[in-house]
Amino acid sequence: MRRAAAVAAVLFLLVPAAALAQETDPYLWLEEIDGAKAVAWVKEQNAKSQGELEAVPQYKPIFARSLEIYDSNARIPFPSVKGRFVYNFWQDKAHERGIWRRTTLASYRSPEPAWETVLDLDALSKAENETWVFKGADCLSPEYRHCMINLSRGGGDAVVEREFDTAAKTFVDGGFSLKEAKSGASFRDADTLWVATDFGAGSLTSSGYPRIVKLWKRGTPLSLARTVLEAKQEDVGAGGFSIFNPEGRYDVVVQDLTAFTARIYVVLDNRLVRLAIPEDASFKGIFRDHAIFSLRTDWKAGAATYRQGALLAARLDDLLQDRNVFTVLFEPGDRVSLDEVASTRDRLLMGTLDNVRGKLYRLAFSNGAWSREEVPLPGQGTVGVSAASDEADLFFFTYQDFLTPSSLFLMDGGKAEKVKSLPAFFNADGMSIEQHEAASKDGTRIPYFVVTPKGYKADGNAPTLLYAYGGFEASMVPTYSGTRGAAWLERGGVFVLANIRGGGEFGPRWHVAGMRENRIRTHEDLVAVAEDLVARKITTSRHLGVEGGSNGGLLVGTAFTLRPDLFHAVVCQVPLLDMRRYSKLLAGASWMEEYGDPDKPEDWAYMKTWSPYQLVTKDAKYPKVFFWTTTRDDRVHPAHARKMVAKMLDMGHPVLYFENIEGGHGTGAVNKQRATTTALEYAYLWETLR
């Protein structure tokens, strides 16, 4: 394998990248998403894999129970606060595509809210002969009557956008409308729309996102919309939006330079004025005439230096006039990091992680000073702001952990009130949660959670599923999953969640430690956790499975190609795998700051050490991997999984492959599809690890 890699490196120096790919990759035809040959191959693989996995005894009961959970009317109808209404999107057995519905706040607080259907996706799909998937609505504050509805064909990121009247419950005849694209559209006022979309040739970035931001007046053609900003083609994208708060309306335009850097502008007198904050800062919005932002690196401003991971506030007037007057709202600790920021009309909301356990705070600005109070929580699990009002000082938040069903709390004024709670979808009696640490290759301590079932014994025989992500500063926190509990824990499986580098559990430093040339550390961290599980006799490699999706799919792909001896089962979901060509497939170019540019020799030198598609070899003995993806994933190209499977099959390796026709970058567009994917996964795991 080392000799093959050396030869490939020499070829790379001599042959242009495109020519090299054409010469050495016989599976490029699988990149044709709807190509006849590719579709026939997918159907053949689906038939084989579904035939095998649906015959596993656990499949049918897991499918039935999963569908029951997904369709359950006992689920929490998670809210979105829009003026005097609480909105919710709901799917169940009677509403496969779903309904967008609303009720009053008083009704929502009752055990049985009186819901009013605003838009029926099943009826719309039938009337228009489309498989519409609801992708949200952007509505004009404060009336929330005019909304841009986002509709996806099959669940992809590209959407059709149409103006909708929530009072009349109909699409607006002759209203704003955008063709299918990865668009961004939001109201500036009742007759003006911020638009970033596919305006034609040259209007998209190399990542496939809009690079031109315009203001579109009602009653005029899109071609006459006024250009506000043009980003460069090599940028990731651009967009515009308006923030409405008691001080007035703020018009904001964002130029995304990379996945983690951007220039933020406000519109003053019809001109763009850039905010004097670092390009790699994360802009959180405008609250009480203050710009709120967090830092990804240390920042020296004037005589002061502000720490990486801190949350800062600055008056807009000070920023626009280059006055270095900043208030530190949050400063990170060694194991304490910023998790989220939201706001109501009167309060800034801040969630933090303390050794991967959540805390929530309300901040107020009054008489020129900031104050902070902690919101009491039921325990040391995971907290998240679910919805917040722009019109009042109220918000909803959730609390959960691995074994505690999610509860929804309303904070309207001073005290939190539990308004909704999930039932126990599985019997957690006798189960327990522990947090351990493993020493990675360089000595860094990697925390992980272990959830053990009833009757568990540390004798190395427990079927164990290890999950990790390790990228894009995304934090992996304890969450309650009815399907995981019913399909895995309740049946005697152990579940492990690893907080490896590349994530955001300990702030941006934890992320930077696992990106680009440091990416191999995410693999080393995962291996350290797996080996620690064996050392603690929680399991053995014979009973150990690993699972990851998207960036996590790349992680587990690297894991089984570099350490095939350590894992006996691998669930590789909607993965990136061919890192030689990832930047040329769909949105791949937008992630080059995370991974590197494979067309640069200095980047490919480290990328090739963890690119699964290039690492897989005929001579190795791999576990029987289960890959799955979706045809309508227009973010991570399904060819990553397709080509890997085809290559491994031709090498003689046993693999399983499933491709759902719908779902976008997820498990499915409707509950039956989600239940199918869930049942296939756990049937595979039980068959492989028992």
Checklist entry - In the structure displayed, which of LYS179/LYS217; LYS135/LYS643; LYS82/LYS420 lie more than 21 Å apart, Cα to Cα? => result LYS135/LYS643
Next on the checklist: Give me, ordered by chain and number, the residues 5 or more places off ALA301 or on other chains with an amide H under 5 Å from its own placed amide H.
Outcome noted: TYR306
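What is the magnitude of the charge dipole of region 230-382 about its Cα centre, with +1 placed on the Cβ of each Lys and Arg, -1 on the Cβ of each Asp and Glu, and no other charges, expressed in debye to the nearest 20? Can you show the working numbers first?
Numbers: 19 positive and 22 negative charges, 62 e Å.
Computed about the Cα centre, the dipole is about 300 debye.
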Checklist entry - Counting Lys and Arg as +1 and Asp and Glu as -1, each charge on the Cβ, what is the dipole of region 418-535 about the Cα centre in debye, to the nearest 20? => result 360
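Hey, what did region 42-121 get for relative contact order, percent, Cα under 8 Å, at least 6 apart?
Result for region 42-121 is 18 percent.
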Item to check | Derived scalar couplings ³J(HN,Hα) [region 189-203; Karplus, 6.51 cos²θ - 1.76 cosθ + 1.60; whole Hz; x for Gly, Pro] | outcome: 8, 4, 10, 9, 10, 6, 9, 10, 8, 7, 8, x, 3, x, 8
Checklist outcome for this item: Each label sits 7 Å from Cα toward the beta-carbon; between VAL325 and ILE520 the label points are separated, in nm, by 5.0
Checklist outcome for this item: Per residue, accessible area of the chain with a 1.4 Å probe, heavy atoms of protein chains only, in Å², comes to 40
Item to check | Mean separation of Cα contacts under 8 Å, 6 or more apart, over the residue count of region 527-616: relative contact order % | outcome: 25
Checklist entry - In the full protein assembly as shown, how much of PHE241 is accessible to a 1.4 Å probe, in Å² to the nearest 10? => result 70
Item to check | Net length gained if the chain between GLU54 and SER107 were fully extended (0.36 nm per residue, minus Cα distance) | outcome: 14.8 nm
Checklist entry - Under 5 Å between amide H atoms, partner at least 5 residues away or on a different chain: which partners does PHE330 have, H built in plane at 1.01 Å? => result LEU311
Checklist outcome for this item: In region 355-454, taking the dipole from +1 charges on Lys and Arg beta carbons and -1 charges on Asp and Glu beta carbons about the Cα centre, the listed residue (THR444, GLY413, PHE425) farthest towards the positive end is THR444
Next on the checklist: Less than 12 Å Cβ to Cβ from ASN461, Lys/Arg counted +1 and Asp/Glu -1: what total charge do the surrounding residues give?
Outcome noted: +3
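Tell me whether region 88-146 comes out rounded, prolate or oblate; compute the Cα gyration tensor, take square roots of the eigenvalues as a ≥ b ≥ c, and use a/c under 1.5 as the rounded threshold.
On the way: a/c = 2.77, a/b = 1.35, b/c = 2.06.
Because a/c hits 1.5 or more and a/b fails to exceed b/c, region 88-146 counts as oblate.
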Checklist entry - Tell me, what ³J(HN,Hα) does each residue in region 602-609 have, in order and in whole Hz, if you take phi through Karplus 6.51 cos²θ - 1.76 cosθ + 1.60 with θ = phi - 60° and put x for Gly and Pro? => result 5, 7, 5, 4, 9, 5, 5, 7
Checklist entry - Of TRP510, VAL228, ILE286, which is farthest along the charge dipole of the chain in the positive direction, counting Lys and Arg as +1 and Asp and Glu as -1 at C-beta? => result TRP510
Checklist outcome for this item: Note on the chain: contact order normalised by length, alpha-carbon pairs under 8 Å, 6 or more apart, percent, works out to 12
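For n ≥ 4 DSSP H runs only, could you compute -39500 (n - 2.57) per run for the chain, divide by its residues and tell me the 222 nm figure to the nearest 500?
Values: 15 runs with 148 residues, N = 690.
The helix contribution divided over the chain gives -6500 deg cm²/dmol.
Helix by helix through the chain, keep the DSSP H runs that span 20 Å or more along the axis on Cα and average at least 0.0 on Kyte-Doolittle, and give those back in order. If you can, show how the numbers build up before the last one.
On the way: long enough: 36-53 (25 Å, -0.66); 520-535 (22 Å, 0.48); 671-689 (27 Å, -0.63).
TM-like helix candidates: 520-535.
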Checklist outcome for this item: Dipole check, the chain, charges on Cβ (K,R +1; D,E -1), about Cα centroid: among SER371, LEU67, THR382 the Cα furthest to the positive pole belongs to LEU67
Checklist outcome for this item: Counting all Cα-Cα pairs in region 502-558, those more than 19 Å apart amount in percent to 36
Item to check | Distribution of pairwise C-alpha distances over region 274-316, 10 Å bins, in % | outcome: 31, 58, 11
Item to check | Whole-Hz ³J(HN,Hα) from phi, Karplus 6.51 cos²θ - 1.76 cosθ + 1.60, for region 318-331, glycine and proline x | outcome: 5, 5, 5, 10, 6, 8, 8, 10, 10, 10, 7, 8, 8, 10
Next on the checklist: Tell me which cysteines of the chain come out unpaired when the rule is another cysteine's Cβ under 4.7 Å.
Outcome noted: CYS572
Next on the checklist: Can you tell me how region 29-124 classifies by the Cα gyration tensor, rounded, prolate or oblate, using a/c under 1.5 as the rounded cut?
Outcome noted: oblate
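So, with a 1.4 angstrom probe, what is the percent of accessible area on region 218-315 that is carbon and sulfur? Kindly include the intermediate steps, with their values, before the conclusion.
On the way: 2110 of 4450 Å².
Reported share for carbon and sulfur atoms: 47 percent.
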Checklist entry - Using unit Cβ charges (K, R positive; D, E negative) and no other charged atoms, how large, in debye to the nearest 20, is the dipole of the chain about its Cα centre? => result 740
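Cα gyration tensor of region 578-690, axes a ≥ b ≥ c as square roots of the eigenvalues: rounded (a/c below 1.5), prolate (a/b > b/c) or oblate? Don't skip to the answer; put the middle values down first.
Values: a/c = 2.48, a/b = 1.29, b/c = 1.92.
Note, shape of region 578-690 comes out oblate.
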Item to check | By accessible area with a 1.4 Å probe, ligands and nucleic acids excluded, highest first: order of SER337, SER177 | outcome: SER177, SER337
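Restricting to the chain, compute how many DSSP beta bridges are antiparallel as a %, nearest 5.
On the way: 127 of 150 bridges.
Around 85 percent antiparallel, to the nearest 5.
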Item to check | Debye log10 I(q)/I(0) at q = 0.09, 0.10, 0.11 Å⁻¹ for the chain, Cα point scatterers | outcome: -0.83, -1.06, -1.33
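The values are calculated or read from the model by the stated rules, or taken from the named source; none is laboratory data. A quick note: this is a predicted structure, and the numbers were derived from the prediction, not measured. Please note: Cβ atoms are built from the backbone with ideal geometry, for glycine as well, and neighbour counts cover all protein chains shown. Heavy atoms of the whole protein, side chains included, go into the accessibility calculation; ligands, DNA and RNA do not. Shrake-Rupley method; radii C 1.70, N 1.55, O 1.52, S 1.80 Å.
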